[in-house]
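*Asks:* Here it is, the structure, as structure tokens.
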There are 2 protein chains.
Amino acid sequence: MGKTTAEDPERVTLAAISVLAGVSLSTVSKVLNGRGDVAASTRSRVEALLAEHGYSRRGDAAASAPLLELVFHELESVWAIEIIRGVERVAREHGMSIILTESGDRHSPDLDWIDGVIARNPAGVILVFSDLSAGHKQQLATRGIPFVVVDPAGDPAPDVPSIGSANWSGGLAATRHLIDLGHTRIGMISGPFDMMCSSARIGGYRAALDAAGITFDPALVLEGDFHPEGARLRALELLERADRPTAIFAGSDLQAMGVYEAARALGLAIPADLSVVGYDDLPLARWVGPPLTTVRQPLTEMAEEAARLALRLRREPGLEVQRMDLATSLVSRQSTARVDQAVAGR
Amino acid sequence: MGKTTAEDPERVTLAAISVLAGVSLSTVSKVLNGRGDVAASTRSRVEALLAEHGYSRRGDAAASAPLLELVFHELESVWAIEIIRGVERVAREHGMSIILTESGDRHSPDLDWIDGVIARNPAGVILVFSDLSAGHKQQLATRGIPFVVVDPAGDPAPDVPSIGSANWSGGLAATRHLIDLGHTRIGMISGPFDMMCSSARIGGYRAALDAAGITFDPALVLEGDFHPEGARLRALELLERADRPTAIFAGSDLQAMGVYEAARALGLAIPADLSVVGYDDLPLARWVGPPLTTVRQPLTEMAEEAARLALRLRREPGLEVQRMDLATSLVSRQSTARVDQAVAGR
């Protein structure tokens, strides 16, 4: 209060904005802090001026609440707990708590959400699998609240700091493993074709076939929905063909469970009659029968990395950040075996 | 400010406490609101006086933050996500967010935790599988913050509102199902013997045997640790006996996975050579091979019920609450079958 404004450029900006908006400094401060008792029209006028003048509260970690916001669009995902664990690990290291929200919308959290975030003033926001609207991004930027996307789906978001994993390499590793075991007719049950992670994994699958001189057969690549039941139906389609594949790359561990179920129904033994590779390496992969060979997607580490990046952005607001993909790796268990050469040569 | 104290009994109490403690009213208020800038000795003096005078902030839901605190001692649990979903459902209905903490201690959250809770002033606290220290209980009571325990382990906490499930009935249903299929030598791999849920399930198992006139054989009941690997070893012990059981009640779905693995290793087919019943009905139970017959523990509903109860206690602070157990039910899938009479009669 007794300070001269020259010492505090931030305060100058806020004072100027209060003059431009024709409101008191305390009203500007209420808007900044997400207090509810400001008329909507005043609030949007102040928000617009803050954005226009490129105002950004200094990214002082000490000034934020000891909270990390974690936003899922769908908690139903089997991944959710892996991701929560990663964020929790970082939160605990820093003596912070996690605020967990399920947005229910695949694309961005709903409108109320942002008011809560601003009022809580967390150290950072971690979004799983979704993005923010331009308006939400602007509001967080104004408050100096960084956000990072955990994006296993690999959808491109060039202007957003995000952590993904190497989907193409994962598809390559899964397929190369099967080729190394002598398989040449390898089916693939992909995730939804319109997701980048599906494209990347199919790309890796094709690259492995090409490198081995095996002709790509589009009839062997079916679109799944990442759920077991859809994969079971796709697997029946593949396995009831006269020239059925000797191996299936299932695109997710849950889809692999659908393939197991289809194989059981048809009396095919895994891996004697059919090799199966999953994707994700969920905890269940170790305990199904037989234990599943799969591509490990380091979900907990991805979430951890995202949380660390958000905290780093809080400390270093100017930091230039690019998307980062963590490595995937093949985990070989008992669902894959050398193909019977007679069958492979049919 | 302009009010006379006679209109506000709560304010009178706080004023009296400030006099007794020899501090200002604003210091008392800082302690109540979990603000950090009060000396530890002052804080504990004020806390003691608040407790002694039975002070309780009025349980006005409007005065709390739109938050539910959810505390796990271990996020590693496969149940965690089921419970989070239940609390999230209630949070969303009420436009609230969830604060998630992993306490890392099976018995109660650590000391820092309570300061964060008081500062955040949530509508309620839901604890999974753990309890609070007497001091923490007192501090929450003083602030009018209710808490409810989700307690699938069934450990008795008579003075604490808690939601559990019917473990004895679950053990009874699992065993009766196997008896109905003609099994008489039924192994059990229990959870840790010192947990109430284990006692209750073993009690249900014994009651089903007694009702069917089958002699209880303690050698058939082994202690597991709720993890697959421990159960695999116990199952090998049971199945390598000359008079091996024809069925195993596994005490948890993860333990059932260990039994599956042991059966595979010994070349025993499920259910032809061995029937298996799990406990929990985790999502994976549907997708293992063969799909697992299990006792459904309604974890999501239990968490939902706990969250609703916490909110109700916020609105009705005087409410007398007892422990409530939700029903368990047998889900029959393909891991159990009628026993081969020749084998049963060995």
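Derivation of every value follows stated rules applied to the coordinates shown; laboratory data play no part. Because the structure is a prediction, the values reported are computed rather than measured. Here the Cβ is made from the backbone with ideal geometry for all residues, glycine too, and neighbour counts use every protein chain on show.
*Asks:* Could you give the angle, 0 to 90 degrees to the nearest 10, between helix B:80-93's Cα long axis and the longest principal axis of the Cα atoms of chain B?
*Replies:* Long axis of B:80-93 versus the principal axis of chain B: about 50 degrees.
*Asks:* What nm distances, shortest first, do you get from the label point of B:Ser56 to those in the other copies when the point sits 7 angstrom along Cα to Cβ?
*Replies:* 4.9
*Asks:* Still on this structure, please answer the following. Check B:Ala247: other-chain or 5+ apart residues with amide H under 5 Å from its amide H, H built from backbone geometry?
*Replies:* Under 5 Å from the amide H of B:Ala247: B:Gly187, B:Ser275.
*Asks:* What's the whole-number percent of alpha carbon pairs in the protein assembly as shown lying beyond 35 angstrom?
*Replies:* 53
*Asks:* Hey, another quick one. Quick one: helix B:40-52 against the long Cα principal axis of chain B, what's the angle to the nearest 10°, folded into 0 to 90?
*Replies:* 80
*Asks:* Which of the aspartates and glutamates could a cross-linker bridge to A:Lys30, judged by Cα under 16 Å and excluding same-chain residues fewer than eight apart?
*Replies:* Qualifying aspartates and glutamates at Cα under 16 Å: A:Glu10, A:Glu47, A:Asp115.
*Asks:* Once the convex hull of the alpha carbons of chain A is built, what does its volume come to per residue, in cubic angstrom?
*Replies:* Details: hull volume 47.0 nm³, N = 346.
That works out to 136 Å³ per residue.
*Asks:* What's the ranking of A:15-27, B:180-192, A:307-319 by average number of surrounding C-beta atoms within 10 Å, highest first?
*Replies:* Going by the mean number of other Cβ atoms within 10 Å, highest first, we get B:180-192, A:307-319, A:15-27.
*Asks:* Tell me the mean residue ellipticity at 222 nm calculated for the protein assembly as shown from its helices only (DSSP H runs of n ≥ 4, each -39500 (n - 2.57), averaged over every residue, nearest 500).
*Replies:* My calculation for the protein assembly as shown gives -13000 deg cm²/dmol from helical runs alone.
*Asks:* Would you work out which of B:Ile248, B:Pro66, B:Gln139 lies farthest towards the positive end of the dipole of chain B? Charges go on Cβ: Lys and Arg +1, Asp and Glu -1.
*Replies:* B:Pro66
*Asks:* A further question follows. In a shell of Cβ-Cβ distance under 14 Å around B:Arg206, excluding B:Arg206 itself, what net charge do Lys and Arg (+1) and Asp and Glu (-1) give?
*Replies:* Surrounding charge for B:Arg206 is 0.
*Asks:* Return the percentage of antiparallel bridges among DSSP beta bridges fully within chain A, rounded to the nearest 5 %.
*Replies:* 10
*Asks:* Relative to a virtual label point 7 Å from the Cα of A:Ala63 in the Cα→beta-carbon direction, which members of the range A:308-335 show backbone nitrogen distances below 20 Å?
*Replies:* What the label zone holds, given the 20 Å backbone N cut-off, is A:310-320.
*Asks:* Looking only at the range A:277-309, which residues have a backbone nitrogen under 14 Å from a spot 7 Å from the Cα of B:Glu229 in the C-beta direction?
*Replies:* Backbone N within reach: A:286-287.
*Asks:* Put a dot 7 Å past each Cα toward the Cβ at A:Glu316 and A:Leu236; how far apart are the dots in nm?
*Replies:* 5.5
*Asks:* Could I ask something else about it? Amide H neighbours of A:Asp281 under 5 Å, counting only residues 5+ apart in sequence or on other chains, H built in-plane at 1.01 Å?
*Replies:* For A:Asp281, the qualifying residues are A:Asp253, A:Val295, A:Gln297.
*Asks:* 7 Å along Cα→Cβ for the label point: how many nanometres lie between B:Arg338 and each equivalent label in the other copies, listed shortest first?
*Replies:* Copy-to-copy label distances at B:Arg338, shortest first: 4.4 nm.
*Asks:* Taking 0.36 nm per intervening residue step and subtracting the Cα-Cα distance, what contour gain separates A:Ser29 from A:Gln138 on full extension?
*Replies:* Length gained between A:Ser29 and A:Gln138: 37.6 nm.
*Asks:* Pull up all non-local amide H partners of B:Ser329: gap of 5 or more, or a different chain, and H-to-H distance under 5 Å with H placed in the peptide plane.
*Replies:* Excluding prolines and chain starts, which carry no amide H, the hits are B:Arg296.
*Asks:* Ok, one more. For chain A, find the longest principal axis of its Cα atoms and tell me its angle to the long axis of helix A:253-266, 0 to 90°, nearest 10.
*Replies:* With rounding to tens, the tilt is 30 degrees.
*Asks:* Here is a further query. About its Cα centre, what dipole magnitude does the range B:189-346 give when the only charges are +1 on Lys and Arg Cβ and -1 on Asp and Glu Cβ, stated in debye to the nearest 20?
*Replies:* The calculated dipole for the range B:189-346 is roughly 320 debye.
*Asks:* Using the Karplus curve 6.51 cos²θ - 1.76 cosθ + 1.60 with θ = phi - 60°, work out ³J(HN,Hα) for each residue of the range B:197-209 in order, rounded to whole Hz, and write x for Gly and Pro.
*Replies:* Rounded to whole hertz, the list is 5, 5, 4, 5, 5, 5, x, x, 4, 4, 4, 5, 4.
*Asks:* Ok, one more. Let me know the longest stretch in chain A that avoids all GluC sites (Glu not before Pro) found in a DSSP loop with at most 13 other C-beta atoms within 10 Å.
*Replies:* Longest stretch, sites excluded: A:77-239.
*Asks:* Between A:Asp180 and the same site in the other copies, what are the distances in nm, shortest first, taking label points 7 Å from Cα along the C-beta direction?
*Replies:* 4.9
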